[in-house]
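Each reported figure results from applying straightforward, stated rules to the coordinates on display, with no laboratory input. The structure displayed is predicted, hence computed values, not measured ones. When we count neighbours, we look across all protein chains shown, and the Cβ atoms used for this are built from the backbone with ideal geometry, even at glycine.
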């Protein structure tokens, strides 16, 4: 039986489409929009609020869409995405991009909120492919990995549009809203994209990174939060990551 409330990751068009699709599929009666910050955002800070307004106009009548909740943990972002960069490159042979673990960070931020709402599921708008465009932060393997990480917390990460095309996503939200239009940007956007628009990466190294760091660090962060709930001191995330990489 689905819980009546779901937590929605709000970014842009795809996240709104995912919330609409999940509500239709699961019959959620309440949606809690969340806007996560990394510290690298650029652009119009009012864009997430407009996305929430669009979501309200698209869900079935009687569905409660709460006011958005802002989430951020700069220390966690740095520990996962900045401080270990040299070690990750050395350890896994992967050209480092903060976008990979950053997306996991964005999912993880919703875990404590989910715990406080009876393990409410989290709705995300990631897709396996963006009409042929490669996004290293959104591949079938990384999405599956993120689902497993949140399952470690007892939280379902719903990805209802992961197999949809851009046209199908637009059908859920209205054709006037183009992908990546009217949403916050990131200072680090495109860091793994060549000047000609192509993306080259070592697939074996990518897999080593996902299995050797991406999923283990997610589970380690969740375990640290669990320990805090049981009375342990607040986690030092740099120490958590260092212990993981030294094991």
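Taking the inverse of the mean 1/r over every pair of distinct Cα atoms in the range 112-247 gives a Kirkwood hydrodynamic radius of 17.4 Å.
Taking all Cα pairs closer than 8 Å and separated by 6 or more residues, the relative contact order of the chain comes to 26 percent. Which residues in the range 190-223 have a backbone N closer than 19 Å to a point placed 7 Å from the Cα of residue 42 along the Cα-to-Cβ line? Backbone N within reach: 190-198.
Over the residues of the range 201-247, compute the C-alpha Rg and express it relative to 2.2 N^0.38 Å. Don't skip to the end; give the middle numbers.
Values: Rg = 12.8 Å, N = 47, 2.2 N^0.38 = 9.5 Å.
Normalised by 2.2 N^0.38 Å, the Cα Rg of the range 201-247 equals 1.35.
Judged by the mean number of other Cβ atoms found within 10 Å, the most tightly packed of the peptides 31-42, 53-64, 201-212 leads the ranking 31-42, 201-212, 53-64. Projecting label points 7 angstrom from Cα along Cα→Cβ for residue 188 and residue 54 puts them 2.5 nm apart.
Where does the range 38-145 land on the Kirkwood hydrodynamic radius, alpha-carbon pairs, in angstrom?
Numbers: mean 1/r = 0.0609 Å⁻¹.
When all Cα pairs of the range 38-145 are included, the Kirkwood radius is 16.4 Å.
The three principal axes of the C-alpha atoms in the chain carry coordinate ranges of 52, 51, 31 Å, sorted with the longest axis first. Once both labels are positioned 7 Å from their Cα atoms along Cα-to-Cβ, the gap between residue 244 and residue 130 label points is 2.4 nm. Each label was represented as a point 7 Å from its Cα along the Cα-to-Cβ direction; for residue 151 and residue 25 these points are 1.5 nm apart. Each peptide in 96-107, 127-138 gets a packing score, the mean of other Cβ atoms within 10 Å over its residues, and the list from highest to lowest is 96-107, 127-138.
Multiplying the residue separation of residue 165 and residue 223 by 0.36 nm and subtracting their alpha-carbon distance yields 17.3 nm.
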